[in-house]
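Remarks on the structure that follows.
The values are calculated or read from the model by the stated rules, or taken from the named source; none is laboratory data. Because the structure is predicted, anything quoted here is derived from the model rather than measured. In this analysis, Cβ positions are derived from the backbone assuming ideal geometry, glycine residues included, and neighbour counts consider all displayed protein chains. Accessible surface is based on the protein model in full, side chains and every heavy atom, while ligands, DNA and RNA are left aside. Shrake-Rupley method; radii C 1.70, N 1.55, O 1.52, S 1.80 Å.
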Amino acid sequence: MKNITCIEDLRQIHKRRVPKPFFDYVDGGSYAEETLRANISDMQKFKFRQRILVDISKRQLNTTILGEPAALPLILAPIGSGGLQYMDGEIYACRAAQKVGIPYTLSTMSICSIEDVAANVEKPFWFQLYVMKDRGFAKSLIERAIAAKCSALVLTVDLQVLGQRHADVKNGLTVPPKLATLRNLIDFATKPAWVMGMLKGKSRNFGNITGHVKGAGDLGSTSAWVASQFDQSLNWKDVEWIRSIWPGKLIIKGILDVVDAREAVKTGAEAIVVSNHGGRQLDGAPSSISVLPEIVQDVGSQTEIMFDGGIRTGQDVMRALALGAKSCMIGRAYIYGLGAGGQAGVELALDLIGKELSTTMGLTGINHIDEIDRRVLTDYMQTNAVSSPRN
């Protein structure tokens, strides 16, 4: 992996090493993938204001996230089925994040359970919650996260109904799963390292659910139970209920509208994540970056703003921070590294993004993360008459 220079290189290796159904699961979006593409194309519309002859010899990438020190303004986002990209993938991704010095978020739909991860890493991690119809089970998940000393709860609120991902249907990632097709079996046979890894892994099912729900045994029965549990009645009062159980920091993920941002602030959430679920839910929704400035302007002084959607480079991180985000969640960018090379691949992905961010800071005359604001973008000079302190 010594010739890898960018996240796209990791993506190509991931694509070669992991069977198509599982690569497509993380790589694709819902329906026509308009929002998936917009997350990336809209990001690139924001251009940087190059600065020269500024002393940039003391650049630092460290910051704080929810009051805790972080080596980078990054968080590893919750990704379902991470352990199907690489053996015990959630454990290795968490180890990578903790080694670098940033938060890791374990998904409800992880392959390794809360307990598996907690037993195999050194520090607390974040836990992401899907609220199921079975409130007793949802409560038990929160209690298990408390027992594991998880340091923040990320409540995902944009999955009351599941957006169809065409590739998953075609690949057999359905309810029940139909993976044993000739095409898939041939594909699996060409990935012997992946197959051997899966055979050695701690779990090949959804670890947070299997053994905790009656009738959820094999992958088929567990998938059927999960599909029956999407709760279309979920509402803001349920956030109050979660608050009554969870004693720690609460983050609400899936905010794409100012009105919803205001409601999230009323819950007392310590942070909100501006996110469209990576273009995997409402296709035709706006890109995350296009709505970020308005949400920051409206509620940015009342809660910590995190950003999610389309981050592939350090330049993308810089754009989101310039538009008001305090930190960024990355999903596909680190999963490509995980699929390409396990923990080392995730560490490499973070190193690539960090170096890109540092270089971009240098070429825009910035020494510290806290200095990044809209003045680093060219449109600032076009739309603001006030002079910049760095002019």
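For residue 357, what charge total do you get from the other residues with a beta carbon under 14 Å from its beta carbon, if Lys and Arg give +1 and Asp and Glu give -1?
Working: positive: 59, 312, 319, 355; negative: 316, 351, 356, 370, 371.
It works out to a net charge of -1.
Electrostatic bookkeeping for residue 135 treats Lys and Arg as +1 and Asp and Glu as -1; over the other residues with beta carbon under 11 Å from its beta carbon, the sum is -1. The helix-based estimate of mean residue ellipticity at 222 nm for the chain, built from -39,500 (n - 2.57) per DSSP H run of four or more residues and divided by its residue count, is -13000 deg cm²/dmol to the nearest 500. The Cα atoms of segment 7-377 cover 63, 47, 41 Å along the three principal axes, with the biggest extent listed first.
Using a 1.4 angstrom probe on heavy atoms only, work out the carbon and sulfur share of the accessible area of segment 7-377 in %.
On the way: 8180 of 15010 Å².
Roughly 54 percent, rounded to a whole number.
Applied to segment 268-281, the Karplus parametrisation 6.51 cos²θ - 1.76 cosθ + 1.60 on θ = phi - 60° returns per-residue 3J(HN,Hα) values of x, 4, 5, 7, 10, 10, 6, 7, 10, 6, x, x, 9, 10 Hz, with x for Gly and Pro. Charging the Cβ of each Asp and Glu at -1 and of each Lys and Arg at +1, and nothing else, the dipole of segment 7-377 about its Cα centre rounds to 660 debye.
What the phi angles of segment 225-230 give under the Karplus curve with 6.51, -1.76 and 1.60, with θ = phi - 60°, is a coupling list of 5, 4, 4, 7, 9, 5 Hz, glycine and proline written as x. Given a Förster distance of 30 Å, report the FRET efficiency between residue 267 and residue 119 from their Cβ-Cβ distance, rounded to the nearest 0.05. That pair, residue 267 with residue 119, gives E of 0.40.
Here the extension length gained between residue 243 and residue 189 equals 14.7 nm, from 0.36 nm per residue of separation less the Cα-Cα distance.
In whole Å, what is the distance between the alpha-carbon centres of segment 157-211 and segment 1-33? Cα centroid to Cα centroid, the span is 15 Å. With both labels modelled 7 Å from their Cα along Cα-to-Cβ, the residue 59 to residue 229 distance reads 4.4 nm.
Anything over 19 Å Cα to Cα? Flag those among 133/249; 15/178; 15/191; 170/253; 2/355; 178/214, in the order listed. Working shown, then result.
Numbers: 133/249 23 Å; 15/178 21 Å; 15/191 11 Å; 170/253 29 Å; 2/355 15 Å; 178/214 22 Å.
Checking Cα-Cα distances, 133/249; 15/178; 170/253; 178/214 exceed 19 Å.
Note on residue 218 and residue 16: their simple-model spin labels are 3.5 nm apart, each label 7 Å out from Cα toward Cβ.
For 190, 313, 105, what's the largest-to-smallest order of accessible area, 1.4 Å probe? Before the final figure, lay out the partial values.
Working: 190 85, 313 40, 105 0 Å².
Greatest to least solvent exposure: 190, 313, 105.
For residue 74, nonlocal amide neighbours, meaning residues 5 or more places apart or on other chains whose placed amide H falls under 5 Å from its own, are 328. Solvent-accessible surface of the chain, taken per residue with a 1.4 Å probe and all protein chains present: 43 Å².
With an 8 Å cut-off on Cα pairs and a minimum separation of 6 or more residues, tell me the relative contact order of the chain in percent. Don't jump to the answer; show the numbers that get you there.
Values: 750 pairs, mean separation 107.5, N = 391.
So the answer I get is 27 percent.
Rounded to whole numbers, the Karplus 3J(HN,Hα) couplings from phi for segment 205-217 are 10, 6, x, 6, 10, 4, x, 10, 10, 4, x, 9, x Hz, using 6.51 cos²θ - 1.76 cosθ + 1.60 with θ = phi - 60°, and x at Gly and Pro. The local environment of residue 300, defined by Cβ-Cβ distances under 11 Å, has a net charge of -2 under the rule Lys, Arg +1 and Asp, Glu -1.
Amide H contacts of residue 304: 271, 272, each under 5 Å away and 5 or more positions distant or on a separate chain (H built 1.01 Å from N in the peptide plane; Pro and chain starts excluded).
Restricting to Cα pairs below 8 Å that are 6+ residues apart, what does the relative contact order work out to for segment 1-107? Please round to a whole percent. Present the calculation step by step, with values, prior to reporting the outcome.
Working: 69 pairs, mean separation 20.3, N = 107.
Relative contact order of segment 1-107: 19 percent.
Which one of 255, 295, 181 has its Cα pushed farthest toward the positive end of the charge dipole of the chain, where Lys and Arg give +1 and Asp and Glu give -1 at the Cβ? Comparing the listed Cα positions along the dipole, 181 ranks first.
Give the relative contact order (percent, whole number) for segment 225-372; include only Cα pairs under 8 Å separated by 6+ residues.
On the way: 191 pairs, mean separation 24.3, N = 148.
Dividing the mean separation by the residue count of segment 225-372 yields 16 percent.
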